[in-house]
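Inspection log for the structure reproduced underneath, given as structure tokens.
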Amino acid sequence: MKYLDTWDLESIFKGGTNSEEVQTKLATVKEEVAVYEEQLTSWNGESENDASALLEILKKQEVINKSLGQVGTFINMWHDAFMDDVHASVVKGQVMELYSEIQQLSTIFTKKLIAISEDQWNELLRNEDLREISFSLEETREHGKRLLSEDEEKLIAKLNKDGIAAWSDLYNTVGSILTIPFTDKDGQTTELSIGQAMNKMYADPDAKVRTELFEEWEKVWTKNGPIFADILNHLAGYRLTLQEAHGRKGHLEEPLEYNRMTEETLNAMWSAVDAQKQTFLDYLTQKAKLLGMEKLGWQDVDAPVAIGGTEPTRFTYDEACDFIIENFALFGPELTDFTKHALENRWVEAEDRSNKRPGGYCTSLPEFEESRIFMTFTGSPSDTSTLAHELGHAFHSHVMKDLPELNQGYAMNVAETASTFAETIIADATVKNAATDEEKISLLANKLEGATAMFLNIRARFLFEDSFYTERAKGIVSEKRLNELMVEAQKEAFGDRLSSYHPHFWAAKLHFFIDSVPFYNFPYTFGYLFSLGIYAEYLKHPEGFEEKYISLLKDTGSMKVEDLAKKHLDVDVTKQEFWAAGIELIGKDVEEFVELTNQLQK
Ligand SMILES: [Zn+2]
């Protein structure tokens, strides 16, 4: 093999979960935290004119975050690669404990920061180092103004564990013991886990299997519906109470603030999606025709399209790496050199073996200022695009590595910019590279799966959640009403084009039950379209675009999205046009799909 498909863990800490180096590091962090606490409590930002004390505190924060981040990442990486290592959770527990200590100190820090008067603050910002990170500091001050007293906030933090976080945990627990019965061709019935059933229900090539599973699926969620209705109502009720206590107006304020964007921008994005929805509804109609159906059912939207049983070309890991490098090279040298470096230095764990966690991600080793990628490569085109996607994330971190730590934190909506961008480069190249029309159709269908998820499915989730939170603010929302709201949202988003809907989707979708982030939906569509908008700009002016692209990525952690887009692309994201350009790009894929499939059917 040209590129090894396992990552190098020994070069981070020697000895795995029993590593002495890890324990030494954790002991150092503990000492650092004690020093930090002392520094913090003795600092009086209000009366000290001097920027140096604040800079010292920030420097200490950075050292602690980096050290603890290094251990935390390492231990997660280890556990994901060797799931049967029971000792991993012991070390994870040690890391969590330190994190919770830091969390409490951070409230004290925020309180001190907001105690500084406006005049004093402006005086401090004359310091060049502080001015460079002023966006993040101002944000903390803004956020801090909402906080209740130190004691109240401490109590809330403690209650969260048995409150909102507990509802979320309970959801996961109940979900983990549910099973869905599946009867195969031979009449043999097996109980599938939720994850297994979901994969099969959406991806099985046999329409009958998908339909039968979907019926069982909805039955199981219905049977347990009362439990999930309670959980969702209490989780949302908790959140709304807290939002009100923090003086927020409406349930969208917090998620918008978290994503550093305005409601105007959100509305412009959804208006653009709605305006061009027809194209994607037509795609569903065409897909239904191809699968021999009049209308697709909810469970058929992502069904594979394999005409005459043709499977797309499979790659070895080496071939996938070379293909990615070759096509990144058409975009720019920085991305290409970075990718080569990452692959050659074993930053990627891609081996197909048991005892590994499913899924893929990119994570960062803050002390090395490097990233690592986890996935399982089996040779399908979607594995190649996952690898490209994660390399995109790693490149994003790479271009930001020399910035101050406080300028490196970006929100969920822009987090997917570089990954989707890299994935788009590769997906386009893969489609172009297809050997036959049949293969091209199947690859286009893969690509359009993402688009329909972003424009239709996630649109439905947002519509549901928006109306649910509006009604929840007035009182408990019954299970029956939750089903009604969900089906209404699905019918609106899918333009009534489906033959069946999923009333208990609000219970089956984990994202509605995440406690740490509200509205875990629109940032996906935002990230996808933001990236496509940038891609559209690149296609218009490819010459020297990489430089522009990198400077945009560098600012993702220190600007509001409206300013970011204005500064680097000279576009206004509060207007529909920017969003429409990205949607049109994908619309071209629909056109090609329809044309090719019509030809084949003649
Ligand atoms: Zn991603």
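Where only protein heavy atoms count, and the probe is 1.4 Å, what is the accessible area per residue for the chain in Å²?
Accessible area per residue, the chain: 45 Å².
Using 7 Å Cα-to-Cβ label points, what is the residue 108/residue 566 separation (nm, one decimal)?
Here the modelled spin labels are 4.0 nm apart.
Between region 138-194 and region 2-70, what is the separation of their alpha carbon centroids in Å?
If we compute the Cα centre of each part, the gap is 28 Å.
Among 581, 494, 444, which residue has its Cα furthest toward the positive end of the charge dipole of the chain, with +1 on Lys/Arg Cβ and -1 on Asp/Glu Cβ?
494
What ranking of 6, 179, 336 comes out by heavy-atom accessible area, probe 1.4 Å, highest first?
179, 6, 336
Just flag the GluC sites (Glu not before Pro) in region 527-602 sitting in loop per DSSP whose Cβ has no more than 12 other Cβ atoms within 10 Å.
Counting only loop positions with at most 12 other Cβ atoms within 10 Å, the GluC sites (Glu not before Pro) in region 527-602 are 543.
Using a 1.4 Å probe on the protein heavy atoms only, what accessible surface does residue 143 show? Give it in Å² to the nearest 10.
Its heavy atoms expose roughly 80 Å² to the probe.
Measuring from label point to label point, each 7 Å out along Cα→Cβ, what is the residue 155 to residue 402 span in nm?
5.0 nm
For residue 337 and residue 117 in one chain, what is 0.36 nm times their gap in residues minus the Cα-Cα distance, to one decimal in nm?
Full extension from residue 337 to residue 117 adds 74.5 nm.
With runs of 4+ DSSP H residues as the only contributors, calculate the mean residue ellipticity of the chain at 222 nm using -39,500 (n - 2.57) per run, divided by the residue total and rounded to the nearest 500.
The helix contribution divided over the chain gives -21000 deg cm²/dmol.
Can you list which of the GluC sites (Glu not before Pro) found in region 268-330 are DSSP loop residues with at most 13 other C-beta atoms within 10 Å?
Answer by residue number: 294.
Heavy atoms only, probe 1.4 angstrom, no DNA, RNA or ligands counted: give me 497, 314, 141, 248 ranked by accessible area, highest first.
314, 497, 248, 141
Length gain on complete extension for the stretch residue 481 to residue 517, per 0.36 nm per residue less the alpha carbon to alpha carbon distance?
Full extension from residue 481 to residue 517 adds 10.6 nm.
Leaving ligands and nucleic acids out of the surface, order 500, 382 by accessible area at 1.4 Å, largest first.
Order by accessible area, largest first: 382, 500.
Using the basic label-point model (7 angstrom from Cα toward the beta carbon), what is the residue 437 to residue 293 distance in nanometres?
2.5 nm
For a quick check of understanding: with a 1.4 angstrom probe and all protein chains in place, what accessible area in square angstrom does residue 440 have, to the nearest ten?
Solvent-accessible area, nearest 10 Å²: 50 Å².
When each pair of different Cα atoms in the chain is counted once in the 1/r mean, what is the Kirkwood radius in angstroms, to one decimal?
One over the average 1/r among Cα pairs gives 26.2 Å for the chain.
Could you size up the charge dipole of the chain around its Cα centre, putting +1 on the beta carbon of Lys and Arg and -1 on that of Asp and Glu, and report it in debye to the nearest 20?
1420 debye
Once Lys and Arg get +1 and Asp and Glu get -1 on their Cβ, which of 41, 17, 57 lies farthest toward the positive end of the dipole of region 1-82?
Projecting each Cα onto the dipole axis, the largest value belongs to 17.
Just flag the trypsin sites (Lys or Arg not before Pro) in region 249-280 sitting in loop per DSSP whose Cβ has no more than 14 other Cβ atoms within 10 Å.
Sparse-neighbourhood loop trypsin sites (Lys or Arg not before Pro): 249.
Taking a ≥ b ≥ c as the square roots of the Cα gyration tensor eigenvalues, with a/c under 1.5 meaning rounded and otherwise prolate when a/b beats b/c, else oblate, which class fits region 471-566?
Cα axes put region 471-566 in the prolate bin.
Apply 1/(1 + (r/R0)^6) to the Cβ-Cβ distance of residue 206 and residue 499, taking R0 = 22 Å, and write down the FRET efficiency to the nearest 0.05.
The value I calculate is 0.80.
The values are calculated or read from the model by the stated rules, or taken from the named source; none is laboratory data. Source: prediction; values computed, not measured. As a convention, Cβ positions derive from the backbone with ideal geometry for all residues, glycine included, and neighbour counts pool all protein chains shown. All accessible areas refer to the heavy atoms of the entire protein, side chains included, with ligands and DNA or RNA removed. Shrake-Rupley method; radii C 1.70, N 1.55, O 1.52, S 1.80 Å.
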